[in-house]
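For reference, the structure is listed below as structure tokens.
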Amino acid sequence: EKAGFDHFMLKEIYEQPKAYRDTMGARLNDTGNRVVLPELTMTEEDIRSIRNVHIVACGTAYHAGLVGKSVIEKLARIPVETDVASEYRYRAPIITKDTLVIVVSQSGETADTLAALREAQRCGARVLAITNVVGSSVAREANDVITTWAGPEIAVASTKAYTSQLIAFYLLGLYMAQVLGTVEDAVVSETITAMQALPEQVEAILEQAEVLKGIAEAVSTHDNLFFIGRGLDYAVAVEGSLKLKEISYIHSEAYAAGELKHGTLALIEEGIPVIALATQEELFEKTVSNIKEVKARGAHVIGVVNDGDVELAKSVDSTFAIPKTLALLTPALAVVPLQLLSYYASLARGNDVDKPRNLAKSVTVE
Ligand code: F6R
């Protein structure tokens with residue numbers, strides 16, 4: 001059932017190109033220049049009445065929501081807040097009938113996420129669920145569902161569900177933008193074309209798994225490390241850090257690169273690994289100066305960069321290049337090397353990759 005792979009996690013990492021294709025599948029029109037979401041009961045009128053969006057989820061699904069926030073704000077120009085579900089209900093969120101609440105859940109059974117959904121509906125909001133399990137509690141109770149067609153995810157550490165959630169957010173963001181007229185048609189079709197290239201680009205990353213294995217083995221001897229990045233790279237850093245902690249048990253922290261000098265730099269000492277994501281062109285120079293700050297304090301920096309960014313290689317200890325795509329879409333590629341890094345670090349430490357200690361695949365208690 002592991003189809004020749006040593007672990008479900010590795011199998012699921014390799015299933016991502018298919019998950020991307022299946023999740024996009026019938027949601028693009030025949031000419032490939034518009035998004036269609038026939039499953040939505042939400043009308044165009046409903047979309048035009050949305051004043052704000054709340055994205056609510058737990059763990060990795062929450063991290064997908066961080067990317068979702070940028071995607072919806074950039075494409076549809078609607079203000080978005082993100083909350084972890086276990087906090088949302090207790091902070092008296094301002095929910096009105098013009099709020100669209102998006103819950104994200106692979107299993108569709110996470111207790112806190114389900115409770116947030118119910119609270120949102122109680123306040124009169126429409127709830128849209130992004131979930132991987134058809135017929136799950138979240139799918140049944142939400143007003144609308146966008147199913148991620150990632151297929152069953154067995155490993156406790158979420159991989160293909162997360163990336164399929166990103167695809168769902170890209171589709172939703174584009175769809176809302178089409179309805180609201182917030183981006184030009186040319187931008188919609190250019191984004192779709194770039195999305196269609198993602199599966200092959202993931203395959204190209206997977207072909208370099210051995211490189212990441214080497215990096216992971218070196219990293220696995222450390223007890224602490226950092227992930228840094230700005231903008232969407234920060235959202236990916238947070239997910240990379242969770243993945244690593246979850247299965248390798250190495251302590252790590254993700255920091256918005258510009259925040260380092262507000263405290264965290266004190267923790268950078270000789271030899272500490274820092275995984276620096278620098279895929280966002282607009283923020284590149286700023287991230288490079290943050291990389292120099294940690295280098296100057298002795299950090300061992302592993303850069304995740306866009307293919308062709310040879311400049312950065314000079315200021316870091318090693319680099320891993322991902323294929324070039326639109327800035328907005330880079331999380332769907334940049335997270336893949338981090339998943340492999342976590343997998344190989346866990347393996348190097350002799351851990352039970354698919355069943356990390358103290359964790360359950362589906363958290364049905366609050
Ligand atoms: C991490 C992980 C968890 C889940 C979280 C939410 O790899 O798998 O953080 O993402 O428990 O689960 P779902 O998406 O099923 O609601």
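The values are calculated or read from the model by the stated rules, or taken from the named source; none is laboratory data. The model shown is predicted, which means the values in this text are computed figures rather than measured ones. Cβ: placed from backbone, ideal geometry, glycine included. Neighbour counts: every protein chain shown. Quick note on the areas: whole protein, heavy atoms, side chains included, nothing else; ligands and nucleic acids left out. Shrake-Rupley method; radii C 1.70, N 1.55, O 1.52, S 1.80 Å.
If we scan region 134-144, do we find a residue that is in a helix (DSSP H, G or I), of a type in the set (A, V, I, L, M, F, W, C), open to solvent by less than 10 Å² (accessible area, probe 1.4 Å) and more than 26 Å from L347 (Cα to Cα)? Checked region 134-144: at least one residue is in a helix (DSSP H, G or I), of a type in the set (A, V, I, L, M, F, W, C), open to solvent by less than 10 Å² (accessible area, probe 1.4 Å) and more than 26 Å from L347 (Cα to Cα).
Residue check: W149 meets all listed conditions (1) in contact (Cβ under 8 Å) with a residue 60 or more places away in the chain; (2) within 13 Å of the ligand (Cβ to nearest atom); (3) part of a loop (DSSP other than H, G, I, E, B) but one, namely (2).
Per-residue answers, yes or no, for (1) more than 10 Å from the ligand (Cβ to nearest atom); (2) in contact (Cβ under 8 Å) with a residue 60 or more places away in the chain; (3) surrounded by fewer than 22 Cβ atoms within 10 Å (Cβ to Cβ):
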residue: E44; (1), (2), (3): yes, yes, yes
residue: G68; (1), (2), (3): yes, yes, no
residue: L75; (1), (2), (3): yes, yes, no
residue: I78; (1), (2), (3): yes, yes, yes
residue: S86; (1), (2), (3): yes, yes, yes
residue: D98; (1), (2), (3): yes, no, yes
residue: Q106; (1), (2), (3): no, no, no
residue: T110; (1), (2), (3): no, yes, no
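Flag set for K18, criterion: under 18 Å from the mean Cα position of the chain (by Cα), surrounded by fewer than 18 Cβ atoms within 10 Å (Cβ to Cβ) and either within 16 Å of the ligand (Cβ to nearest atom) or not β-branched (V, I, T) (or both).
Taking the criterion of being of a type outside the set (V, I, T), more than 16 Å from the ligand (Cβ to nearest atom) and touching a helix residue (DSSP H, G or I) at 6+ places or on another chain (Cβ under 8 Å), the residues of region 318-336 that qualify are S318, F320, P323, L326, A327, L328, L329, A332, L333, A334. Name the residue, out of V202, V238, that is within 16 Å of the ligand (Cβ to nearest atom), assigned to a helix (DSSP H, G or I) and within 22 Å of V156 (Cα to Cα). Of the residues listed, the single one that is within 16 Å of the ligand (Cβ to nearest atom), assigned to a helix (DSSP H, G or I) and within 22 Å of V156 (Cα to Cα) is V238. The criterion of at least 1 residues that are more than 20 Å from I146 (Cβ to Cβ) is met, among strands (runs of 3 or more DSSP E) falling completely within region 1-118, by 80-84. Taking region 295-319 as the region of interest, how many residues are crowded, with 21+ Cβ neighbours inside 10 Å and modelled with pLDDT of 95 or more? The number of residues fulfilling the criteria is 6.
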